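Undergrad: First the structure, which I've put down as structure tokens, then a few questions once you've had a look.
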Amino acid sequence: MSYFEKANESYNTQDYKRAISLYQKAVENKDNEAASMYNAAVCFIKLKQYEKALPLLKSALLQKRDSKYFFNLGYCYAMLKDNKKALIYFNTAWALDNNDKDCEKAIDLIIKNYAKKP
């Protein structure tokens, strides 16, 4: 069984710290690199460690442009209260997949918050 598969098992049992370690080993072994980085980032998001998720998501994007990668970057920036960057990444995700209703909702929410500010 590969590190990636073992990491997925840990993720599925919500053992996010172990999953992160195994995803990092998968990356080192060039085992599903983009997916391993993305999944490790999602583990950090689950642990509410958004700053640690950012570089992993950006590295994954260098290998694969995927709307969910951009969406999660937007989500991390929104959680870190950087609405400007969040909006950029949510918009990029939505441009890649304009059927993504979560992107649309996130964009609308940020825009409404901007409209409320004096």
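The values are calculated or read from the model by the stated rules, or taken from the named source; none is laboratory data. Everything numeric here is computed off the predicted structure, so don't read it as measured data. Methodologically, a virtual Cβ is constructed for each residue, glycine included, from the backbone with ideal geometry; neighbour enumeration extends over all protein chains shown.
Undergrad: Which residue, of Lys17, Lys6, is of a type in the set (Lys, Arg), out of contact with any Lys or Arg (no Cβ under 7 Å at 6 or more places or on another chain), buried (at least 17 other Cβ atoms within 10 Å of the Cβ) and in a helix (DSSP H, G or I)?
TA: Lys6
Undergrad: Could I ask something else about it? What do you reckon, is Asp15 assigned by TED's automatic domain parsing to the domain that holds Ala53, out of contact with any Pro (no Cβ under 8 Å at 6 or more places or on another chain) and touching a residue at least 24 places away in the same chain (Cβ under 8 Å)? Quick ask: steps written out before the conclusion?
TA: Details: assigned by TED's automatic domain parsing to the domain that holds Ala53: yes; out of contact with any Pro (no Cβ under 8 Å at 6 or more places or on another chain): yes; touching a residue at least 24 places away in the same chain (Cβ under 8 Å): no.
Here the answer is no, as Asp15 does not meet what is asked.
Undergrad: For region 78-86, check the following and say yes or no: at least one residue is among the aliphatic types (A, V, I, L, M), touching a Lys or Arg at 6+ places or on another chain (Cβ under 8 Å), at pLDDT below 95 and surrounded by fewer than 16 Cβ atoms within 10 Å (Cβ to Cβ). Can you show your working first?
TA: Taking region 78-86 first, the residues among the aliphatic types (A, V, I, L, M) are 78-80, 86.
Filter once more, so that each one left must be touching a Lys or Arg at 6+ places or on another chain (Cβ under 8 Å): 79.
Cutting the leftovers down to at pLDDT below 95 gives us 79.
Of the ones still in play, those that are also surrounded by fewer than 16 Cβ atoms within 10 Å (Cβ to Cβ) are 79.
Yes; the residues of region 78-86 include at least one that is among the aliphatic types (A, V, I, L, M), touching a Lys or Arg at 6+ places or on another chain (Cβ under 8 Å), at pLDDT below 95 and surrounded by fewer than 16 Cβ atoms within 10 Å (Cβ to Cβ).
Undergrad: In this structure, is Asn39 assigned by TED's automatic domain parsing to the domain that holds Ala106, modelled with pLDDT of 95 or more, under 13 Å from the mean Cα position of the chain (by Cα) and assigned to a helix (DSSP H, G or I)?
TA: no
Undergrad: Is one or more of the residues making up region 47-56 outside any helix (DSSP H, G or I), in contact (Cβ under 8 Å) with a residue 12 or more places away in the chain, surrounded by fewer than 19 Cβ atoms within 10 Å (Cβ to Cβ) and in contact with a Lys or Arg (Cβ under 9 Å, 6 or more places away or on another chain)?
TA: Yes - at least one qualifying residue is present in region 47-56.
Undergrad: Specify which of the listed residues (Asn91, Asn32, Asn98, Asn113) is of a type in the set (S, T, N, Q), surrounded by fewer than 21 Cβ atoms within 10 Å (Cβ to Cβ), out of contact with any Leu (no Cβ under 7 Å at 6 or more places or on another chain) and closer than 21 Å to Glu9 by Cα.
TA: Asn32
Undergrad: Same structure, new question: Can you tell me which residues in region 1-59 are small (Gly, Ala, Ser), closer than 20 Å to Ile88 by Cβ and in contact with a Cys (Cβ under 9 Å, 6 or more places away or on another chain)?
TA: Result: Ala41, Ala53.
Undergrad: Right, here's the next one. Do we have Lys52 as touching a helix residue (DSSP H, G or I) at 6+ places or on another chain (Cβ under 8 Å) and either in the same structural domain as Phe4 (by TED's automatic domain parsing) or not hydrophobic (A, V, I, L, M, F, W, C) (or both) here?
TA: So Lys52 fits the description; yes.
Undergrad: Can you pull out the residues in region 53-112 that are under 25 Å from Glu33 (Cβ atoms) and among the acidic types (Asp, Glu)?
TA: Matches in region 53-112: Asp66, Asp97, Asp100.
Undergrad: Given the residues Ser59, Ser67, which is the only one that is of a type in the set (S, T, N, Q), within 22 Å of Ile110 (Cα to Cα) and either surrounded by fewer than 21 Cβ atoms within 10 Å (Cβ to Cβ) or touching an Asp or Glu at 6+ places or on another chain (Cβ under 7 Å) (or both)? Explain how you work it out, then say what you get.
TA: Details: Ser59 fails: within 22 Å of Ile110 (Cα to Cα).
Just a single option satisfies the conditions, and that option is Ser67.
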